[in-house]
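Peer 1: Before anything else, here's the structure in question.
The values are calculated or read from the model by the stated rules, or taken from the named source; none is laboratory data. Bear in mind that the values here come from a model prediction, so they are computed numbers and not experimental data. As a convention, Cβ positions derive from the backbone with ideal geometry for all residues, glycine included, and neighbour counts pool all protein chains shown.
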Amino acid sequence: MTATASVSDCTVTNCSFNDHSHCGAAGITIGGGEDHASCATFIDTGTHGGLPKVLATVGACQRSECVHNNDLMCGAPEVHVGPGADNADCLTYKHGGGETGGQAAGMAGGGNSELAGAHVPEETGGLAGGPVGEPTD
Ligand code: SF4
C-alpha cells in the first residue's frame, strides 16, 4: 500500500554514507522533533560507508505530524536531506495543520472589517443626525 520516498539528494558531506550529494545507505530513518525532522541514519565515522550505486529511500519516518507521513512511512515523491537545525535534516518536512488555518483566518478577517467599515458610518450618521438632533433643540 505505502511507497517509499527516494532521497533525491543529501548535502551533508560529513556523513559516512554521503557520496557526492547522494546517500549510499539502503534506507534512512527520520527522527527528530516537531520543530525539525532529523536524519537518524546520519553518522560521521571518518570513513566512507554504504553501497556504491544506491538511491536511498526513506525506510521509516517518525514524524507522524508531517503532511507527507503515512503510517510512519514517507509519501512524498522524493525528499531532500541537508543541514538544518541539526547536522542532517529532512528538508522536505512540513508540519501538518495550523499553517493554512492561520492564512485563511487572516484573509477572512481583512475582508469583513473592510465591509463593516463602509456600512457603519452611513447608517448611524443618517439615523442619529436627523430625528435625534431636532427634537432636543
Ligand atoms: S517529508 Fe515528512 S514524512 Fe517524508 S521523510 Fe521528511 S519528515 Fe518524514
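Peer 1: State yes or no: is K94 of a type in the set (K, R) and more than 9 Å from the ligand (Cβ to nearest atom)?
Peer 2: no
Peer 1: Considering (1) modelled with pLDDT of 95 or more; (2) closer than 19 Å to N18 by Cβ; (3) charged (D, E, K, R), say which one D71 fails and leave the rest.
Peer 2: For D71, the exception is condition (2).
Peer 1: Name the residue that is nearest to the ligand (Cβ to nearest atom), counting only residues in segment 27-58 that are hydrophobic (A, V, I, L, M, F, W, C) and farther than 16 Å from E78 by Cβ.
Peer 2: Result: A40.
Peer 1: Still on this structure, please answer the following. Kindly indicate whether G82 is more than 10 Å from the ligand (Cβ to nearest atom), closer than 14 Å to V12 by Cα and surrounded by 15 or more Cβ atoms within 10 Å (Cβ to Cβ).
Peer 2: yes
Peer 1: Could you please let me know if D44 is modelled with pLDDT of 95 or more, surrounded by 12 or more Cβ atoms within 10 Å (Cβ to Cβ) and over 23 Å from A3 (Cα atoms)?
Peer 2: yes
Peer 1: Considering only segment 25-44, state which residues are in a strand (DSSP E or B) and polar (S, T, N, Q).
Peer 2: Scanning segment 25-44 gives T29, S38.
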